[in-house]
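Student: Handing you a structure now.
The values are calculated or read from the model by the stated rules, or taken from the named source; none is laboratory data. Note that this is a predicted model, so its numbers are computed, not measured. Cβ atoms come from the backbone with ideal geometry, glycine included; neighbour counts cover every protein chain shown.
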Amino acid sequence: MLDALCERFADATDPLTAEAGNLKLRLGTLELAEAKDFYRLASDQSELPELNEPLAYLEHPFVLFGGEFVAQTMEELRAGKTEPPCSSRIHYAPLEDD
């Protein structure tokens, strides 16, 4: 899944390109089951919504909250933590005015 995420953000002008690459370096691999568990934990929902494509379970939180949030939350999930992640780890990038 991380390879697919890197391909999705392969445009060198996209600021998420470097974050996607760093996420792959940090986590190594990520299977669909892990992405679904991550999405459920990050969204703090017991029911998992049906998303259009499997990559969306990883892509949506990545775009909304950033690579560091995804990496830390996945590391905690892999370590057995089952509480929703702390919002203080979310770093919002301001949108540019067009």
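Student: Restricting the search to region 57-82, which residues are over 9 Å from the mean Cα position of the chain (by Cα) and either in a helix (DSSP H, G or I) or in contact (Cβ under 8 Å) with a residue 40 or more places away in the chain (or both)?
Tutor: Selection gives Gln72, Glu75, Glu76, Leu77, Arg78, Thr82.
Student: Leu30 - would you say it is assigned to a helix (DSSP H, G or I), at pLDDT 80 or above and surrounded by 10 or more Cβ atoms within 10 Å (Cβ to Cβ)?
Tutor: So Leu30 does not fit the description; no.
Student: A further question on this structure: Filter region 69-86 for residues that are modelled with pLDDT of 90 or more and of a type in the set (D, E, K, R) and give the result.
Tutor: Within region 69-86, Glu75, Arg78 qualify.
Student: Then there's this: Does Glu96 qualify as being surrounded by 14 or more Cβ atoms within 10 Å (Cβ to Cβ) and either assigned to a helix (DSSP H, G or I) or modelled with pLDDT under 90 (or both)?
Tutor: no
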